[in-house]
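The values are calculated or read from the model by the stated rules, or taken from the named source; none is laboratory data. This one's a predicted model, so the numbers in the text were calculated from it and none came from an experiment. Glycine gets a Cβ as well: all are built from the backbone with ideal geometry, and neighbour counts include every protein chain shown.
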Amino acid sequence: MTIVLDIMIRDVEQCLIIGSGFGGLCQAIKLKKANIQNFTILEKESSLGGTWRDNTYPGAACDVPSSLYSYSFDIAQTTWTSDYTEQKGILQYIHKVAKKYDIQKHIIYQQNVCRMEYREEEFVWYVFTDDGSLYKAKFVVTAVGQLHHPKIPVFPGVKAFKGGMVHTSKFSSRQLEDYADKNVAVIGSGASAVQLIPELQKVCRNVYVFQRTPNYILPRLDLTPKLQKVMNTFTFTKWLYRLYLLNVGEVFLLGAIKGKRWAQKLLMALWFQNMKQHIQDESFQEELTPTFSIGANRILFSDTFYPALGKSNVHIISKGIKEIDTNGIVSLNESRTEVDDIVYATGFITNPFLYDMIVTGRSGKVLWEGDQGSHGYFGVNTHGFPNLFFLYGPNTNVGHTSILLFVEEQADFVIRTMSHLDDNGFQAIEVKKQIEDAFGSEINKRSEHLAFTSVKDSWYLSSNGCNTNNWVGSFKEYKCRLKRVDLAVDFDMHGKKPLRRNSKKMPSQAEKHWILSLCFRFLQSVISIIFSAPKAIITKREKFD
């Protein structure tokens, strides 16, 4: 069946980037540095920024130090007021970098990609958006991230609730003052809730935290204002601190994730001290103690969460939710909590990747359809989908360091792959199936020994319990292995470019040397004739006289 639409068609571009957050911006800058200017960024919203544009809830900040959660290629010009920068500061940084590298002119806003199709006969991707536009590109890079489709549980009776309901990523124009003197329920106790609850505590009459699973929350190790000033002054101190943060994560946090007992004991001691300092009641401490080993879920950092829980207007409810009625929430033990507003801090839909986007590759293959979860070779490419690359793709999420480290390496890999294809005179490239399958088997085997696979309902895992989200090693390992990928061995290339009739073969280095040598000898002969001619004429005149 053929469907005819009123489609706005544009010329074929070298590269199309989907998303204008940290990932899309990074890829765009890398393309410009490689002198590739023929690219476009499609952004579904009306401004750039990705997750840092969307998440404007009170207290929103990055729990990875800014010195590490920033671009390495712009470190000399970057200064931070705090090592844990809030949402507004991060968004300003994104806009500043976009302006510096003149990326805005490449972005087309309000273009939500809904479908992509690979045309084998043309070696071109057809990219369709909700408004009927069609974009064509030789290469497509998806940089949509993993945390932008809100996950909102549906409870019985929720439609009857008369108060306000919002997900943390959809706060939009809401202000903290809107919740003043109200009874507010926060459903969830993860990363967003840990930042939001201390802010709500300051203004709400009561905050009711409906906790499904408690988390390990460590204290922030923030820089003092004096040290931050020194850090902003000297570039070499920025690099040293960045290296320090990288190694702390790779040794201690990753050590705990790998099940190293010494690392787990050290982090457990830090967590317990952080909680005990503000929560003295032993029964309350027990309610806030996770039942899983540290590292199984994301380790959180906060200096304000436990102090907020110690306030009289904050209440933890761990009995689970049975239903929601007109003005309250009923727990599984039949107790009822009357609330004015509900805030969902329930995370995001992370599986499948490219949620709400239909992607069709070679021979009509639909991306990850029928497979046991999303997968990719080092998270950047998958078999059957030539010239399609993912930034922050399957098995590249991390809980111990900055994802931007990985994104930069992936963007460099895309540039290297494009150059390899062009140098060899082909039009399309994709990872070999056996190479990707072997890599997937390695990921599954190594995941069995990591802490995060012990939690069955973790967002790191697919519905069948496979690790589809997280990388299984260190950043240093990922970086070295990605750089060592042999594109000539691990990838297949398609579509040999025909030699143009009017094109001239470029001379080799030896031929260039021979031509230059010939020209030099000819020039030498001409100069010799010019300077020897007057002497010959004078000699003849002397003989004549």
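The one condition from (1) surrounded by 16 or more Cβ atoms within 10 Å (Cβ to Cβ); (2) over 20 Å from Ser458 (Cα atoms); (3) more than 20 Å from the chain's Cα centre (by Cα); (4) at pLDDT 95 or above that Lys365 does not meet is (4). In the set (1) touching a Gly at 6+ places or on another chain (Cβ under 9 Å); (2) surrounded by 15 or more Cβ atoms within 10 Å (Cβ to Cβ), Phe305 fails one condition alone, (1). Given the criterion β-branched (Val, Ile, Thr), crowded, with 19+ Cβ neighbours inside 10 Å and over 22 Å from Gln14 (Cα atoms), identify the matching residue among Thr85, Thr79, Thr129. Going through Thr85, Thr79, Thr129 in turn, just one is β-branched (Val, Ile, Thr), crowded, with 19+ Cβ neighbours inside 10 Å and over 22 Å from Gln14 (Cα atoms): Thr85. Among the helices (runs of 4 or more DSSP H) confined to segment 142-250, the ones with at least 1 residues that are loosely packed, with under 14 Cβ neighbours inside 10 Å are located at 225-233, 235-248. Across segment 49-72, the number of residues qualifying as out of contact with any Cys (no Cβ under 7 Å at 6 or more places or on another chain), touching a residue at least 60 places away in the same chain (Cβ under 8 Å) and not in a helix (DSSP H, G or I) comes to 14. In segment 342-362, the residue that is nearest to Gly465 (Cα to Cα) out of those that are among the aliphatic types (A, V, I, L, M) and within 23 Å of the chain's Cα centre (by Cα) is Ile349.
When you look at Tyr84, is it in the same structural domain as Val127 (by TED's automatic domain parsing), at pLDDT 95 or above and either assigned to a loop (DSSP other than H, G, I, E, B) or within 25 Å of Val398 (Cα to Cα) (or both), yes or no?
So Tyr84 does not fit the description; no.
From the list Ala345, Ala263, the one residue that fits, being aliphatic (A, V, I, L, M), in contact (Cβ under 8 Å) with a residue 12 or more places away in the chain, more than 18 Å from Cys204 (Cβ to Cβ) and crowded, with 16+ Cβ neighbours inside 10 Å, is Ala263.
For beta carbons closer than 6 Å, sequence separation of 6+ or different chains, a first residue in segment 289-313 that is at positive phi and a second that is not basic (Lys, Arg), the qualifying pairs are Gly295/Ala256; Gly295/Ile257; Gly295/Ala451.
Can you pull out the residues in segment 266-288 that are surrounded by 11 or more Cβ atoms within 10 Å (Cβ to Cβ) and in a loop (DSSP other than H, G, I, E, B)? Matches in segment 266-288: Gln277, His278, Ile279, Leu288.
A residue that is outside any loop (DSSP other than H, G, I, E, B), of a type in the set (Val, Ile, Thr) and assigned by TED's automatic domain parsing to the domain that holds Gly188 cannot be found anywhere in segment 289-304.
Selection within segment 317-331: residues that are surrounded by 16 or more Cβ atoms within 10 Å (Cβ to Cβ) and touching a strand residue (DSSP E or B) at 6+ places or on another chain (Cβ under 7 Å). The member of this set that is farthest from Asn206 (Cα to Cα) is Lys322. Would you call Val184 touching a residue at least 24 places away in the same chain (Cβ under 8 Å) and in contact with a Cys (Cβ under 8 Å, 6 or more places away or on another chain)? Against the criterion (touching a residue at least 24 places away in the same chain (Cβ under 8 Å) and in contact with a Cys (Cβ under 8 Å, 6 or more places away or on another chain)), Val184 qualifies.
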